[in-house]
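The values are calculated or read from the model by the stated rules, or taken from the named source; none is laboratory data. Predicted model only: the values in this text are computed from it and were never measured. Positions of Cβ are backbone-derived with ideal geometry, glycine not excepted, and every protein chain shown enters the neighbour counts. The area values use the complete protein model at the heavy-atom level, side chains included, leaving out ligands, DNA and RNA. Shrake-Rupley method; radii C 1.70, N 1.55, O 1.52, S 1.80 Å.
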Amino acid sequence: MRFLHTADLHIDSPLRGLSRYDGAPLERLRGATRRALERLVDLALDEQVDFLLIAGDLYDRDWQDFHTGLFVREQMVRLGRAGIAVFIVQGNHDARGVITRQIPWPENVTVFSSRAAHTVCLESLGVAIHGHSFPDREVPEDLVPGFPPAVPGYFNIGLLHTSLTGIGGHDTYAPTTLPNLKSKGYDYWALGHIHARQVVCEQPRVVFPGNLQGRHARETGSKGCELVSLEGGCLTTRFMPLAVVRWHQVVIDLQPVNTLDELPGLVAQALQLAVSGASDLLHAVRVILSGETCLHALEARQPGTLAAAVQAASQDVAGIDVWIEQVRLDIRSPLDRSRLGLGDDALGELVRWVDVLASDEAALQGFCRQALAEVLGKIPADVQAALLFETAGLYQEVPRLDDGPALLALLKDAEATLLARLIPSGVAP
């Protein structure tokens, strides 16, 4: 007996904000979730699995039109023609109360009820699959106590969309615990909701496969599904990468770099190392330049210089399809601020004034409110949420006037720009 376990496909996820980036491969990025599903179906056919488990969030949201549902149904039909059954539970993104449009599923697809957990027995395989769909987006209660008991003599699988408990960075949905899962006596728990692959337990096997296709720079690394085999009572599993776009975050230390001409070679080397071994994918890379460097002054005088140099370096990476999603700067100036702050000149006054504002959040907010409120007040709130501003190559959301850390970052960036323009090139106080 063999099956695939996947979750969190988020088909037709909108990937908002991509149009902000010049040269972004928009069609490939927006079609990535569909292509990943096609690769999942190809894998199921090639491996001749008996069934496919989808542990929630097959869709990202209510369909804009019927094309989303028809595309997914077409893939299910491909599986049905090969005799492969599909078992689905709905999660918070595609709960019964979220998806308003309906298309009849083909006969090989079973969607578990949102009213109560129930069991489907595959007698020819000796497998019992237990599942419970979300009725609505919000499910604050533990669904596991309502799952049926294990069927004696069968290989029992629980199919559930859940945040478990205590997993940071994720909203709480159908929270439960590992002891609760173990109490049901099942052999395998096919979970969904957590987008990073995680093997919670080996006995029984409790797994989040992660999402099938990363959708942004925080969902890095290889994405795919679990291939599970049971032979002679022995359970074996293998992670199968299926994403067509892989997201990366690459940190490059600029401390040893003295000139701009040295940067492209260093960046190209880092990119080549990050994306090696996967030449058939589109690699979307967020580059973070860090460290203390004399290039800080150049960037302050000519914002965007370092980002352009990184883009240029990506063009030199041969045989790999690389798109630089964003360049973020976490660099520091080698200038001795404390020495500058002792001076009686304009530089000293600037440094001391910045230190005063940086140490008093209320004063900083008051200054920024006076300086920025008039401008931000003219931008509607919904437009602000869709905008990015650039500070020394670092793209962020439009800052809120009550966001102390963001305002402090703006202050430090403004100081760096002024110091770079006031101090002659080559002079290092």
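Starting from the Cα of LYS223, draw a straight line to each of the aspartates and glutamates and keep only those under 15 Å, dropping any in the same chain fewer than 8 residues away.
ASP8, GLU38, ASP280
When the expected Rg is taken as 2.2 N^0.38 Å, what fraction or multiple of it is the alpha-carbon Rg of the chain? Working shown, then result.
Numbers: Rg = 26.3 Å, N = 429, 2.2 N^0.38 = 22.0 Å.
It is 1.19.
Using Cα-Cα distances under 8 Å and only pairs 6 or more residues apart, what relative contact order does the range 130-206 have, in percent?
For the range 130-206, the relative contact order is 31 percent.
So what's the angle, to the nearest 10 degrees on a 0 to 90 scale, between helix 66-81 and the longest Cα principal axis of the chain?
Tilt relative to the chain: about 50 degrees.
Report the accessible area of LEU263, computed with a 1.4 Å probe over the heavy atoms of all protein chains in place, in Å² rounded to the nearest 10.
Accessible area, nearest 10 Å²: 0 Å².
Once Lys and Arg get +1 and Asp and Glu get -1 on their Cβ, which of ALA416, SER290, ALA95 lies farthest toward the positive end of the dipole of the chain?
Checked the options; the winner is ALA95.
Run the reach check for LYS378 against lysines, Cα to Cα strictly under 26 Å, same-chain hits fewer than 8 apart removed. What comes back?
LYS412
Please compute the contact order of the range 262-336 in relative form: average sequence separation of alpha-carbon pairs under 8 Å and at least six residues apart, divided by the residue count, as a percent.
50
What trypsin sites (Lys or Arg not before Pro) in the range 1-94 are in a loop by DSSP, with at most 15 other Cβ atoms within 10 Å of the Cβ?
Values: sites: ARG2, ARG16, ARG20, ARG28, ARG30, ARG34, ARG35, ARG39, ARG61, ARG73, ARG78, ARG81; in loops: ARG16, ARG61.
Those satisfying the criteria are ARG16.
Specify the residue with the greatest mean-square fluctuation among ALA313, ALA416, ALA363, computed from a Gaussian network of the chain linking alpha-carbon atoms under 10 Å apart.
Taking springs between Cα atoms under 10 Å, the residue moving most is ALA363.
Heavy-atom accessible area of CYS234 with all protein chains present, probe 1.4 Å, nearest 10 Å²?
70
Ignoring ligands and nucleic acids, what accessible area does SER183 show with a 1.4 Å probe (Å², nearest 10)?
90
I'd like the carbon and sulfur percentage of the solvent accessible area for the chain, probe radius 1.4 Å, heavy atoms only, ligands and nucleic acids excluded.
Heavy-atom surface of the chain belonging to carbon and sulfur, 1.4 Å probe: 50 percent.
How big is the charge dipole of the chain about its Cα centre, in debye rounded to the nearest 20, if each Lys and Arg gets +1 on its Cβ and each Asp and Glu gets -1 on its Cβ? Don't jump to the answer; show the numbers that get you there.
Numbers: 37 positive and 52 negative charges, 151 e Å.
For this selection, approximately 720 debye.
Whenever you get a sec, line up HIS296, HIS5, HIS216 from highest to lowest accessible area (probe 1.4 Å, protein heavy atoms).
Details: HIS296 30, HIS5 0, HIS216 55 Å².
Correct descending sequence by accessible area is HIS216, HIS296, HIS5.
What spacing in nm lies between the two simple spin-label points modelled at PHE239 and GLU123, each 7 Å away from Cα in the Cβ direction?
3.9
How far is the Cα center of the range 67-143 from the Cα center of the range 195-267, in Å?
Here the two parts' Cα centres lie 26 Å apart.
Would you please name the GluC sites (Glu not before Pro) within the range 197-232 that are DSSP coil residues with at most 15 other C-beta atoms within 10 Å of their C-beta? Please report the intermediate quantities before stating the final value.
Working: sites: GLU202, GLU219, GLU226, GLU231; in loops: GLU202, GLU219.
Sparse-neighbourhood loop GluC sites (Glu not before Pro): GLU202.
Divide by every residue of the chain the summed helix terms, -39500 (n - 2.57) for each DSSP H run of at least 4, and state the resulting mean residue ellipticity at 222 nm, rounded to the nearest 500 deg cm²/dmol.
Calculated at 222 nm, the ellipticity per residue is -9500 deg cm²/dmol.
Work out from phi, with θ = phi - 60° and the Karplus expression 6.51 cos²θ - 1.76 cosθ + 1.60, the ³J(HN,Hα) of each residue of the range 266-271, listed in order in whole Hz, and give x for Gly and Pro.
5, 5, 4, 5, 5, 5
Grab the Cα-Cα distance for ARG339 and CYS201, subtract it from 0.36 nm times how many residues apart they are, and report the gain in nm with one decimal.
Gain on extension, ARG339 to CYS201, equals 44.1 nm.
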